[in-house]
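Participant: Take this structure, written in structure tokens, and hold onto it; I'll ask about it next.
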Amino acid sequence: MNAPKRHHYLPAFYLDGFCRDGVLCVFDRERHEYRVQQPRDTAVRRYYYAIVDAEGNRNLEIEGILSELESAAKPVIEKLDNGGTLTAEERNALAHFIGFLFVRVPEFEDRVNAIYDGTLRAMSRLSFANEERAKREMERYAADTGKQVTEAEIKGMVDFVQADDYRIEVHRNQVLRHMVQQGPKMAHIFRQMDWLVLHPSDPKTSFVTTDKPICLLPPPGYKPNFYGFGIGTQGAVKFVPLSQKSCLLIQDKRDVFRHLDFPRDYVRGINLNVTKHCQQYVIGRDEPLVRNLVATTNVDKTEAQPTVIVDGLGARKPKTAQSKGGNDNAGD
């Protein structure tokens with residue numbers, strides 16, 4: 001059997017839930033275009049979850065793990081679409097699916113890179129603040145490698161670091177390591193919280209999703225501060241569109257579960273928040289709906305904002321899928 005090359009960071013079965021007649025509408029924020037396409041050609045990159053060793057060999061174990069999580073979650077989402085109640089095992093399966101949905105998308109990779117980039121550049125500015133400090137650092141390097149450094153090289157390093165005109169980007173293997181570590185932790189947090197399954201009361205309305213499918217909103221009365229807010233912050237609200245028929249509202253740790261029918265205006269409010277937080281794609285069952293949400297939120301006129309700021313340095317503008325060598329419409 002051939003190893004799968006096309007890795008969906010939004011699972012194809014998940015995207016099926018937002019289709020009409022087998023296709024969905026995608027707004028591409030970076031290319032400023034609308035496309036009607038099949039789920040198999042949406043949110044996919046070649047070997048995105050492959051670990052690559054020093055010889056260039058690919059290990060596809062992570063893609064296999066994600067496939068198992070998807071297989072377990074698919075019937076659970078279908079059950080919720082139909083108003084069902086979950087067993088403990090089903091709740092655990094969906095929690096793990098959502099936990100990894102939070103960390104398997106390109107936005108998580110941008111977050112990891114922003115943390116490394118901001119932290120290491122801040123440390124470098126201190127280590128190479130002047131030629132005296134730089135000399136100490138480079139003498140350590142010379143002692144470890146046996147390579148001598150010149151005064152010109154020391155001065156050049158100080159100038160280079162202080163100009164701050166560079167970017168640190170970690171190897172994809174390191175991002176995958178963080179993904180595998182954080183996914184179960186996110187699942188544990190989600191599993192303990194209130195789950196309200198929201199459904200449109202008007203059959204003419206539907207939920208949309210994005211390539212950043214977990215929409216995190218601050219607690220009521222939140223005032224921006226140094227620490228920010230996150231998944232576990234008391235009062236923070238998490239919306240997770242599960243399909244066009246269901247959206248999971250995750251709140252504080254009380255382990256409550258119930259279904260609620262939401263009127264048209266409330267569904268639109270959720271869709272607007274979900275759209276506003278997209279990274280590159282807004283995805284829905286029909287083009288008029290997606291166009292209306294995009295126009296209302298102005299995401300077609302703005303860039304995605306970094307979710308991580310380190311040492312006062314925001315994440316640099318994320319590279320496009322093309323520049324990462326991972327066009328989301330890549331074929332076999």
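The numbers here are math on the coordinates, done by the rules we state, and not lab data. The model shown is predicted, which means the values in this text are computed figures rather than measured ones. Every residue, glycine as well, gets a Cβ built from its backbone with ideal geometry; the counts of neighbours run over all protein chains shown.
Participant: Which value in nm describes the separation of the simple spin-label points at ILE115 and VAL36, placed 7 Å from the Cα toward the beta carbon?
Facilitator: Taking the simple label geometry, ILE115 and VAL36 are separated by 4.2 nm.
Participant: For the pair THR150/THR87, report the inter-label distance in nm, with labels modelled 7 Å from Cα in the Cβ direction.
Facilitator: Placing both labels 7 Å along Cα→Cβ, they lie 7.3 nm apart.
Participant: Just to check I understand the Karplus step: with θ = phi - 60° and J = 6.51 cos²θ - 1.76 cosθ + 1.60, what whole-Hz values come out for segment 146-156, glycine and proline as x?
Facilitator: My calculation for segment 146-156 gives x, 9, 7, 10, 9, 4, 5, 5, 5, 4, x Hz in order.
Participant: Picking from HIS277, ASN59, THR296, whose Cα lies most toward the positive end of the charge dipole for the chain (charges on Cβ: Lys, Arg +1; Asp, Glu -1)?
Facilitator: THR296
Participant: Charges at C-beta only: +1 for Lys and Arg, -1 for Asp and Glu. How large is the resulting dipole of the chain about its Cα centre, in Debye rounded to 20?
Facilitator: Result for the chain is approximately 500 debye, rounded to the nearest 20.
Participant: In Å, what Rg and Dmax follow from the Cα atoms of segment 57-153?
Facilitator: For segment 57-153, the Cα radius of gyration and maximum Cα-Cα distance read 24.3, 71 Å.
Participant: While we're looking at this one, here's another question. Given the pairs LYS185/LYS212; LYS204/LYS253; LYS74/LYS238, which are separated by over 30 angstrom at their Cα positions?
Facilitator: LYS204/LYS253, as the Cα separations exceed 30 Å there.
Participant: Let me ask you something else. Excluding same-chain residues fewer than 8 positions from LYS155, which lysines have a Cα within less than 28 Å of its Cα?
Facilitator: Straight-distance partners of LYS155: LYS135, LYS147.
Participant: ³J(HN,Hα) across segment 127-143 via Karplus (A = 6.51, B = -1.76, C = 1.60, θ = phi - 60°), whole Hz, x for Gly/Pro?
Facilitator: Per residue, the Karplus-derived 3J(HN,Hα) values read 5, 10, 5, 8, 5, 5, 5, 4, 4, 4, 5, 6, 5, 5, 4, 5, 5 Hz.
Participant: Sorted by packing (mean other beta-carbon atoms within 10 Å per residue), highest first, where do 98-104, 199-205 land?
Facilitator: Per-residue Cβ counts within 10 Å, averaged per peptide and sorted highest first, yield 98-104, 199-205.
Participant: Please determine, in degrees from 0 to 90 and to the nearest 10, the orientation of helix 88-103 with respect to the longest principal axis defined by the Cα atoms of the chain, where the helix direction is its Cα long axis.
Facilitator: It is inclined by approximately 40 degrees.
Participant: Ok, one more. Estimate the FRET efficiency between ARG46 and ALA143 by the formula 1/(1 + (r/R0)^6), using the beta-carbon distance for r and 41 Å for R0, to the nearest 0.05.
Facilitator: 0.45
Participant: Considering amide H positions built from the backbone, and no H for Pro or chain starts, which residues 5 or more places from HIS259, or on another chain, come under 5 Å of its amide H?
Facilitator: The answer is VAL197.
Participant: Here's another thing I want to ask about it. Rank-order 16-22, 269-275, 114-120 by packing density, defined as the average count of other C-beta atoms within 10 Å over each peptide's residues, highest first.
Facilitator: Most protected by this proxy first, the peptides run 269-275, 114-120, 16-22.
Participant: Say we join alpha carbon atoms closer than 10 Å with springs in a Gaussian network model of the chain; which of VAL267, VAL208, VAL26 then has the biggest fluctuation?
Facilitator: Looking only at VAL267, VAL208, VAL26, the biggest GNM fluctuation is shown by VAL267.
Participant: Using the Cβ atoms and a cut-off under 15 Å, what net charge is assigned to the surroundings of VAL256, where Lys and Arg are +1 and Asp and Glu are -1?
Facilitator: Once all neighbours under 15 Å are counted, the net charge is +3.
Participant: If you don't mind, there's one more thing I want to ask. Enumerate the calculated ³J(HN,Hα) couplings along segment 248-264 in order (Karplus 6.51 cos²θ - 1.76 cosθ + 1.60, θ = phi - 60°), each rounded to whole Hz, writing x wherever the residue is Gly or Pro.
Facilitator: These are the phi-based 3J(HN,Hα) values: 8, 9, 10, 10, 5, 7, 9, 6, 8, 9, 6, 9, 9, 8, 10, x, 3 Hz.
Participant: Which order do the peptides 134-141, 51-58, 285-292 take when ranked by the mean count of other beta-carbon atoms within 10 Å per residue, highest first?
Facilitator: 285-292, 134-141, 51-58
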